[in-house]
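Just so it is clear, none of the values below were taken in a lab; they were calculated from the coordinates. The shown structure was predicted, so the numbers you read here are calculated from the model rather than taken from an experiment. When we count neighbours, we look across all protein chains shown, and the Cβ atoms used for this are built from the backbone with ideal geometry, even at glycine.
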């Protein structure tokens, strides 16, 4: 395969203003960065403006957006229903020191759509949402440990910053993964509070869980492993988790911050498996910072401030349920009818078919994972079961393809995961597959 130099050279030539902005940013932010998930080598593009499914960088390069701010913008950039609602609210105040009616509108939409939601509370990020589900589980069960899968990402608080993107060579056996710190600075004893199991390996995971069943407060799972490649859980795996947790009085948490795109009721509706609690974020805020968590009334009543002595589990936040975000979220969800979800899934299937055809034509292995409007590209012929299969892929080739797509006017996440918005149709997808074909033809042409 050709060296990555040509794609890198193209990228450097087309992004001088982005590079200059990045150099300036380094004077005030470490590495010029404040969000690791959107930093890539040698430096990221800096966006000037965006509309619909188009993102224009500081050098004036227009790219088709196939990631939508890490899957958030399901209606594309600046959709009229959201912009109109937000602009009207901005003239009436941005945030208040008292509740607003808009939070009821969004809460009602979520409770009506999501099978596990009797009641819901709002936060400002998915991280806060997963933190609160775990805290509630501990309060209910009186236990402390949680179980998660290797490769599962649930935000940046200590308890879940374990075994996310680890080096498999240092993380124990595949069937018995060790709990590994995902970052420096975790509190003492954090790793001892987390049981790690392999994703989609039902029998092995069940054995691990059974050996810790008396210690576990919760099992938390992404029904679709988002940050490591949009890898869906098998129905058998999720069914086992539901049966195990129910039999042992353990709280099952679905982290649907990403997978809520799978259906109007999220992945739990798609799979027909209802957890005890669910955490949300991203698309439910219409482009504004948001998180939410909910579950049965019995669990959510822990947060009820009207009970004698006050809530058993405290939860506050200056910007929780602020009117701008609540309106943006409600306006977004009201656009997401069953027909819209169906169309999004159809367009993603059209993309999948196009990508697979490119791979077949060029005789190079490629797989397209995902559900609903979520997808991931994987250049391997190996069966993809869990995190370690993703980790075994050629990361240098993946980055070459990523830079190549940027050079061809396509924006994805650096790990080649993406999401289709309502602004993307067959024309844009044809442009995507044509761009991918050109990138792969360059990559597969011997150098020299």
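Overall dimensions of the chain, expressed as equivalent-ellipsoid semi-axes from the Cα gyration tensor (√(5λ), whole Å, largest first), are 35, 28, 21. With a Förster radius of 35 Å applied to the beta-carbon distance between residue 363 and residue 316, the computed FRET efficiency rounds to 0.05. How far is the Cα center of the stretch 239-287 from the Cα center of the stretch 84-152, in Å? Measuring centre to centre over Cα atoms gives 13 Å. Counting only alpha carbon atoms, the long axis of helix 126-141 and the longest principal axis of the chain meet at about 30°. Per the Debye formula on identical point scatterers at the alpha carbon atoms of the stretch 142-265, with no solvent, log10 I(q)/I(0) at q = 0.09, 0.12, 0.15, 0.23 Å⁻¹ is -0.22, -0.40, -0.64, -1.56. Residues considered: 295, 60, 68. Largest GNM mean-square fluctuation over the chain, using C-alpha springs under 10 Å, is found at 60.
Our compactness index for the stretch 80-335, the C-alpha radius of gyration over the empirical 2.2 N^0.38 Å, is 1.01. For an R0 of 41 angstrom, estimate the FRET efficiency from the Cβ-Cβ distance between residue 48 and residue 434 and round to the nearest 0.05. After rounding, the FRET efficiency stands at 0.95. With neighbours defined as other Cβ atoms within 10 Å of a residue's Cβ, the residues 161, 211, 289, 227 order from fewest to most as 211, 289, 227, 161. If one takes the longest principal axis of the Cα atoms in the chain, at what angle in degrees, from 0 to 90 and to the nearest 10, does the Cα axis of helix 426-444 lie? Roughly 60 degrees, rounded to the nearest 10. Spin-label model, residue 289/residue 204: points 7 Å from Cα along the beta carbon direction are separated by 3.9 nm.
Each residue in 77, 399 was given a count of other beta-carbon atoms within 10 angstrom of its own, and listing them fewest first yields 399, 77. Gaussian network model of the chain, Cα springs within a sub-10 Å range: biggest mean-square fluctuation belongs to which of 267, 107, 182? Its mean-square fluctuation being the largest, the pick is 182.
Against the chain, whose longest principal axis comes from its Cα atoms, helix 323-335 is set at around 70 degrees. Over the stretch 262-314, the reciprocal of the mean inverse Cα-Cα separation, the Kirkwood hydrodynamic radius, stands at 13.0 Å. Here the extension length gained between residue 192 and residue 157 equals 11.1 nm, from 0.36 nm per residue of separation less the Cα-Cα distance. Of all the options 318, 239, 15, the one that moves most in a Gaussian network model of the chain with Cα springs shorter than 10 angstrom is 318.
Counting neighbouring Cβ atoms within 10 Å and putting the fewest first, the residues 293, 237, 379 line up as 379, 237, 293.
The relative contact order of the chain comes to 23 percent, based on Cα pairs under 8 Å that sit 6 or more residues apart.
For the stretch 55-84, the residues whose amide N sits under 16 Å from a probe point set 7 Å from the Cα of residue 335 along the beta carbon direction are 55, 65-84.
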